[in-house]
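The values are calculated or read from the model by the stated rules, or taken from the named source; none is laboratory data. Owing to the predicted nature of the structure, the values given are computational and were not obtained by experimental measurement. So basically every Cβ, Gly included, is an ideal-geometry build from the backbone, and we count neighbours across all protein chains shown. All accessible areas refer to the heavy atoms of the entire protein, side chains included, with ligands and DNA or RNA removed. Shrake-Rupley method; radii C 1.70, N 1.55, O 1.52, S 1.80 Å.
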Amino acid sequence: MLFSKSINKYYVKFIHLFLLGVIALIVVDLAQLEVPMIIGRLVDDLEAFRTGEITREEAVEAVRNILLLLVGISVMIVIGRFSWRIGIMGGSRRMAYELRDDMFSHALLLSNRFYSERKVGGLMALFINDIEAIRRAVGPGMLMMIDAIVLGTLVFTRMFLLDARMTLVLVLPLVLIASAGIFIGTRMRQRFRQAQKAFEDLSDVTQESLSGISVIKAFVKEELEILHFLKANKNAKDKNIRFVRMQMLLQVIVRGIVSLTFVLMIIYGAQLVEMTSGTDDPFTVGDLVAFLSYFGMLIWPMMAISMIINVRSRGRASLQRIEEFLDEPVEIKDENVIDVKEIRGDIEFNHLYFKYPDEKGEDYVLKDISFKINAGEMVGILGRTGSGKTSIVDLLLRLYNLEENQLLIDGYDIMRLPIKKVREDIGYVPQDGFLFSDTIKNNIALGVDYEGRQMDKIQEVAKLSDVHDNIVQFKHGYETVIGERGVTLSGGQKQRVSIARALAKNPPILIMDDSVSAVDTSTEEKILRNLRKIRKGKTTIMIAHRISTVKNADKIIVIDDGEVLDVGTHEELYERCAFYRDLVERQQLEDEVEVQ
């Protein structure tokens, strides 16, 4: 069993199941405890019949009663074992389910900083291997611990009552087993942590290789990736073998001590039967059979000691890793929020300075950013790669914390607005156009309520993003299941499906982060024309590096190196902003070269 602040609440929640299991297990142990005595009595009755102390009829009657008693005990044991499996094993599986669910809920609250520092493979190991190790420590671990304590104590007591001399001989083996368990258990826990870390590394290598399989093939790096995988795989194998060796060593020690003790019990017991024969307090053959039967029952609790140490060592190592994950602070959360019924779309950046949490010193990504976007405007944000455009999006989506009153929406400090409300009222088309491994229909309808997923609405926004004709050409149309990250779609198709997904929300604020870069200019013009028609009265922000994307916007914000250089229309900026004019002329030259 394991106890900690992270899992104690689950014991309380499923206390009824664990109590059922523990009670049933104790009942089974008590029932089992009677079997050796009954068998010993049967042996003595048969011996009495052989020597003529009882008649044949008395012997038959005794055997019949004993068999009926054994059948009754067997039925009780079957029902009890069924009950403790439902209680203990069922409770542990429900605990694993609840813990995994709580971990996933916590994962959704963690910031981008956390995911930039942790790899996906390592996190997957927490949700799979580590939770399973905890489940085994709670379920089978509880079973073995209670069985070892209850059954071991009861059996030891019965053995002592049968013959104290033979029972005292067992003390030394038990001390040796406990000592070996404590010594080896510590090393097992250390080696299991190493094995789990090796599994994390292997998961990372596998996940990255499979996700980037097209790049690996394009650069003919299959052999290099195979070597990389073999290295990680060998490391995982070696670390697991080191752990299993300690596990097997403990089992060999325990089994060796138990087997040697059993042989000594037979030799000493046979001598005891002969020595006490004819005395006032004889140690009979039936007593020896019962004693050896009890010792056979005691083997399981003695073996359980090594198994308890094994599963508990794994469970404690995994629990420590999971608690480290659950202790990760939730950095982006609601504090002192105000109730806002509706967001119109006014946005103001007020002398904003920002740097990512992992950045040190005064190296700001955005420096003294100030501009205003009025509700209903279509605004372009233009700048070179790395100028800070996407950082502006991250702040609008409330992915990072800010100082007070640096970013306002409808005049309210974004830090005072409920995070859910902000994100619900913003439609976002990311730069990479992330799609889920689901149907095209469900990808487009991701941001709307299930009841609102009407096909006509989905087809309407698909037509507005100029992807409907592509979708209907697929064999299953909108029910086509796309691969992981939308791998079965082209870059332009992924971007247009992402645009349709954002339009389906019909949000007061729409942000498009360079989301038409993968489509041709004619398609881009068609999408932008549709946007200008359907987004009247609603705020639309288009972040781009291509002039054609923002040329017809109500105003354009030019940003470079984290600073706003100028704000104005296309014509105004071309006249007064040298940076903007240089971008326009360069792109015009590039277009002319492409045409030639």
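Select from the range 19-55 the residues that are of a type in the set (D, E, K, R) and open to solvent by less than 80 Å² (accessible area, probe 1.4 Å) and list them in ascending order.
To start, the set of residues in the range 19-55 that are of a type in the set (D, E, K, R) comprises 29, 34, 41, 44-45, 47, 50, 53.
Listed by number, the residues that qualify are Asp29, Glu34, Asp44, Asp45, Glu47.
Going by the structure shown, is Asn442 among the polar types (S, T, N, Q), under 26 Å from Ile347 (Cβ atoms) and open to solvent by 10 Å² or more (accessible area, probe 1.4 Å)?
No; evaluated as a whole, the condition is false for this residue.
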Taking Ile86, is it modelled with pLDDT of 85 or more and open to solvent by less than 50 Å² (accessible area, probe 1.4 Å)? no
Any chance Gly427 is outside any loop (DSSP other than H, G, I, E, B), buried (at least 17 other Cβ atoms within 10 Å of the Cβ) and in contact with a His (Cβ under 9 Å, 6 or more places away or on another chain): no
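I need the helices (runs of 4 or more DSSP H) fully contained in the range 1-95, keeping only those with at least 2 residues that are of a type in the set (Asp, Glu).
Values: elements: 8-13, 15-51, 56-84.
Answer list for the range 1-95: 15-51, 56-84.
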Report, by residue number, each residue of the range 479-515 that is open to solvent by 20 Å² or more (accessible area, probe 1.4 Å) and either farther than 26 Å from Gly212 by Cβ or of a type in the set (A, V, I, L, M, F, W, C) (or both). Glu479, Val481, Val487, Lys505, Asn506, Pro508
Can you work out which of the residues in the range 383-419 that are part of a helix (DSSP H, G or I) and of a type in the set (Lys, Arg) is modelled with the lowest pLDDT? Lys389
Being open to solvent by 80 Å² or more (accessible area, probe 1.4 Å), under 30 Å from Ile266 (Cα atoms) and of a type in the set (A, V, I, L, M), is that true of even one residue in the range 117-128? no
Would you pick out the residues in the range 201-229 that are within 24 Å of the chain's Cα centre (by Cα), surrounded by 12 or more Cβ atoms within 10 Å (Cβ to Cβ) and part of a helix (DSSP H, G or I)? Asp201, Leu202, Ser203, Asp204, Val205, Thr206, Gln207, Glu208, Ser209, Ser211, Phe229
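Of all residues in the range 3-18 being among the basic types (Lys, Arg) and surrounded by 11 or more Cβ atoms within 10 Å (Cβ to Cβ), which is farthest from the chain's Cα centre (by Cα)? Steps first, answer last, please.
Of the range 3-18, the ones among the basic types (Lys, Arg) are 5, 9, 13.
Going one step further and asking which of them are surrounded by 11 or more Cβ atoms within 10 Å (Cβ to Cβ), we end up with 9, 13.
Values: Lys9: 19, Lys13: 21 Å.
Per the criteria, the residue is Lys13.
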Provide a single number: the residues in the range 296-349 that are of a type in the set (Gly, Ala, Ser) and in contact with a strand residue (DSSP E or B) (Cβ under 9 Å, 6 or more places away or on another chain). 1
Could you grab me the full set of residues in the range 325-366 that are open to solvent by 60 Å² or more (accessible area, probe 1.4 Å), in a strand (DSSP E or B) and either of a type in the set (Phe, Trp, Tyr) or within 30 Å of Lys533 (Cβ to Cβ) (or both)? Glu348, Tyr353
For the range 520-533, which positions are more than 22 Å from Leu396 (Cα to Cα) and touching a residue at least 40 places away in the same chain (Cβ under 8 Å)? Thr523, Lys526, Ile527, Asn530
Condition first: among the aliphatic types (A, V, I, L, M) and closer than 25 Å to Phe349 by Cβ. Can you find one or more residues in the range 484-494 that meet it? no
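Quick check on Val567: is it over 21 Å from Ala445 (Cα atoms), buried (at least 21 other Cβ atoms within 10 Å of the Cβ) and in contact (Cβ under 8 Å) with a residue 12 or more places away in the chain?
So Val567 does not fit the description; no.
Yes/no matrix, rows are residues, columns are (1) assigned to a helix (DSSP H, G or I); (2) at pLDDT 85 or above; (3) open to solvent by 40 Å² or more (accessible area, probe 1.4 Å):
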| residue | (1), (2), (3) |
| --- | --- |
| Lys231 | yes, yes, yes |
| Lys234 | yes, yes, yes |
| Lys239 | yes, yes, yes |
| Val244 | yes, yes, yes |
| Gln251 | yes, no, yes |
| Val258 | yes, no, no |
Given (1) more than 30 Å from Gln32 (Cα to Cα); (2) modelled with pLDDT under 90; (3) among the basic types (Lys, Arg), index of the condition Arg344 fails: (2)
Evaluate the following for Val422: is it aliphatic (A, V, I, L, M), part of a loop (DSSP other than H, G, I, E, B) and either open to solvent by 30 Å² or more (accessible area, probe 1.4 Å) or more than 22 Å from His545 (Cα to Cα) (or both)? no
It is to be established whether one or more residues within the range 465-474 are surrounded by fewer than 23 Cβ atoms within 10 Å (Cβ to Cβ), in contact (Cβ under 8 Å) with a residue 12 or more places away in the chain, part of a loop (DSSP other than H, G, I, E, B) and under 37 Å from the mean Cα position of the chain (by Cα). yes
Which condition number in (1) closer than 27 Å to Arg118 by Cα; (2) out of contact with any helix residue (DSSP H, G or I) (no Cβ under 8 Å at 6 or more places or on another chain) is the one that Ala133 fails? (2)
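To keep it simple, each residue is scored yes or no on (1) touching a strand residue (DSSP E or B) at 6+ places or on another chain (Cβ under 7 Å); (2) under 22 Å from Leu326 (Cβ atoms); (3) open to solvent by less than 50 Å² (accessible area, probe 1.4 Å).
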| residue | (1), (2), (3) |
| --- | --- |
| Gly139 | no, yes, yes |
| Met145 | no, no, no |
| Val150 | no, no, yes |
| Phe156 | no, no, no |
| Val169 | no, no, no |
| Ser179 | no, no, no |
| Phe192 | no, yes, yes |
| Phe199 | no, yes, no |
Does at least one position in the range 56-64 carry a residue that is open to solvent by 60 Å² or more (accessible area, probe 1.4 Å) and either in contact with a strand residue (DSSP E or B) (Cβ under 7 Å, 6 or more places away or on another chain) or closer than 29 Å to Met1 by Cβ (or both)? no
Need pairs with beta-carbon distance below 8 Å; first residue touching a residue at least 60 places away in the same chain (Cβ under 8 Å) and within the range 389-406, second open to solvent by 30 Å² or more (accessible area, probe 1.4 Å) and among the acidic types (Asp, Glu); sequence gap 6+ or separate chains. Asn401/Glu331
Could you check how many residues of the range 27-62 are over 57 Å from the mean Cα position of the chain (by Cα) and on the phi < 0 side of the Ramachandran plot? 18
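Please verify whether the range 367-382 includes one or more residues that are of a type in the set (D, E, K, R), under 18 Å from Glu563 (Cα atoms), open to solvent by 10 Å² or more (accessible area, probe 1.4 Å) and not in a strand (DSSP E or B).
No.
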Being of a type in the set (Asp, Glu) and either farther than 23 Å from Asp566 by Cβ or touching a helix residue (DSSP H, G or I) at 6+ places or on another chain (Cβ under 6 Å) (or both) is the filter here, so list the residues in the range 343-366 that pass it. Asp358, Glu359, Glu362, Asp363
